[in-house]
Amino acid sequence: MTDKIIKIKSGKVAKTIGGDEVFIVAEIGKNFIQTEEDRPIAEYLRNAKELIDAAAEAGVDAVKFQTHEVEDEIHPDISFSAPHFPAGKRYEWVLRNTKATPFEFWRELKRYSEKKGLIFFSTPMSRKAAEKLDKIGVPIWKVASGDMRDYALLDYMLNTGKPLIISSGQVSLNELNEIVGHIRSQNRQFALLYCVSHYPCPPEYFNLATIEHFKEKYPEVVIGFSDHSIENLNVPLAAIKVGAKIIEKHFSLSRELWGADHKVSMTPMEMKALVKAVRSGQHQKVIHGLYYGKKTKELEGAKNQMRPYFGKALVAARDIPKGVVLTKDMIYAMRPIKFLKGLSAEKFFEVVGKEVKMALKKYQPITLKILKK
């Protein structure tokens, strides 16, 4: 046992991250939405429970979802589609997710997951989403790749005292180092997942030497792998061979269903095969050199195509009169920074405590020119 072992408990279900066993996460995300037309909440709940049943049958340790609150995530006046899901306008997609998942939806899924012997957690895609999840008692936070520089969200998570899992898919090495430094300064336990944010991700895009680099640079941190490749067990097994202690894979009943992530997901039979391969030590036989690369390589996330769409800018969370000193709750971090001319969300702490020189309307971007020096 070392200090970097993370112990988590969801109800009566207790698990260890960073121990001898690899921690395997079925990333259900939003895959309970399976049709282009909207459906009743009760149907989404049934779909989610069916996915939890399949994940439990496959033998994973945890199920993870994604939680949205459109109020503080997507700017309502900007229409755009993300590169990985051109079929859906982002604001309408997040609005649909918000309406589909009221508080009781998440509380029931947590209870049901625990009944199945699984850790339940979810990725909050904004601060308000984190507030909702905190109320139901998630045991650990996952920070999405696109939200790694959202310090408004990160600040909320860190203040709960719970451990975090962060992901490298949309940051550079320098940005990651700043984020790690901030988490360390708060004395919080966390794990770091190597990730390439392409959906699906071709095996040749991977540079698994990064996992060894992370282990050497952050020795007190549990290192894992968030994998968006499909139909290839060798990639996650190779990641384990070079040191990954967490494997996260998108999970769906079928890659033919409608939605953002089904096409990059493992099916129940594939997940079961992966769990069996991991538990039986098959990673030891994998030729990992095919995906290894080199330790000195910059993260793909430094120039990832998703950054302009998933990056966030700071905006007013309400109407703010002239002369007011900004507090944390007066500021939202919202997508997409590509079309918002506000300060980046990573400037959150530089804005808090500043006086505004002019009145702001709700959702108006916060810029340097409106702040008193």
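The values are calculated or read from the model by the stated rules, or taken from the named source; none is laboratory data. This one's a predicted model, so the numbers in the text were calculated from it and none came from an experiment. Methodologically, a virtual Cβ is constructed for each residue, glycine included, from the backbone with ideal geometry; neighbour enumeration extends over all protein chains shown.
Would you pick out the residues in the stretch 206-219 that are under 27 Å from residue 26 (Cβ atoms) and either assigned to a loop (DSSP other than H, G, I, E, B) or within 20 Å of the chain's Cα centre (by Cα) (or both)?
Once the filter is applied, which keeps residues that are under 27 Å from residue 26 (Cβ atoms) and either assigned to a loop (DSSP other than H, G, I, E, B) or within 20 Å of the chain's Cα centre (by Cα) (or both), the stretch 206-219 yields 206, 207, 208, 210, 211, 214, 218.
Are there any pairs with C-beta distances below 7 angstrom linking a residue in the stretch 144-161 that is farther than 20 Å from residue 306 by Cα to a residue that is of a type in the set (S, T, N, Q), with the two at least 6 apart or on different chains, and if so which?
Sorted first by the residue in the stretch 144-161, then by its partner, the pairs are 158/186.
Can you tell me which residue is surrounded by the most Cβ atoms within 10 Å (Cβ to Cβ) among those in the stretch 1-49 that are among the basic types (Lys, Arg) and assigned to a strand (DSSP E or B)? Explain how you work it out, then say what you get.
The first filter runs over the stretch 1-49 and keeps only residues among the basic types (Lys, Arg), leaving 4, 7, 9, 12, 15, 30, 39, 46, 49.
Filter once more, so that each one left must be assigned to a strand (DSSP E or B): 7, 9, 15.
Working: 7: 14, 9: 13, 15: 19.
Once the filter is applied, the top-ranked residue is 15.
I want to confirm something. Restricting to the stretch 187-232 and keeping residues that are β-branched (Val, Ile, Thr) and at pLDDT 90 or above, which single residue is nearest to residue 146 (Cα to Cα)? Talk me through it step by step, then tell me what you get.
Residues of the stretch 187-232 β-branched (Val, Ile, Thr): 196, 210-211, 221-223, 230.
If we keep only those that are at pLDDT 90 or above too, we end up with 196, 210-211, 221-223.
Details: 196: 11, 210: 19, 211: 20, 221: 21, 222: 20, 223: 19 Å.
Ranking the qualifying residues of the stretch 187-232, first place goes to 196.
Residue pairs, Cβ under 6 Å, 6 or more apart or interchain, first in the stretch 64-91 and farther than 29 Å from residue 164 by Cβ and not assigned by TED's automatic domain parsing to the domain that holds residue 152, second surrounded by fewer than 20 Cβ atoms within 10 Å (Cβ to Cβ) and at pLDDT 95 or above. List them.
none
Quick check on the stretch 261-273. Is at least one of its residues within 21 Å of residue 66 (Cα to Cα), assigned by TED's automatic domain parsing to the domain that holds residue 59, of a type in the set (A, V, I, L, M, F, W, C) and at pLDDT 95 or above?
Checked against the condition, which is being within 21 Å of residue 66 (Cα to Cα), assigned by TED's automatic domain parsing to the domain that holds residue 59, of a type in the set (A, V, I, L, M, F, W, C) and at pLDDT 95 or above, the stretch 261-273 yields at least one hit.
Any residue in the stretch 18-33 that is farther than 15 Å from residue 106 by Cβ sitting within a Cβ distance under 7 Å of a residue that is basic (Lys, Arg) and not in a loop (DSSP other than H, G, I, E, B)? List the pairs, counting only those 6 or more apart or interchain.
Cβ pairs passing all conditions: 23/15; 25/64; 26/249; 27/64; 27/249.
Considering only the stretch 234-264, state which residues are assigned to a loop (DSSP other than H, G, I, E, B) and either under 18 Å from residue 44 (Cα atoms) or among the basic types (Lys, Arg) (or both). Break it down stepwise before answering.
Step one: filter the stretch 234-264 for residues assigned to a loop (DSSP other than H, G, I, E, B), giving 242-245, 252-261.
Selection gives 245, 252, 253, 254, 255, 256, 257, 258, 259, 260, 261.
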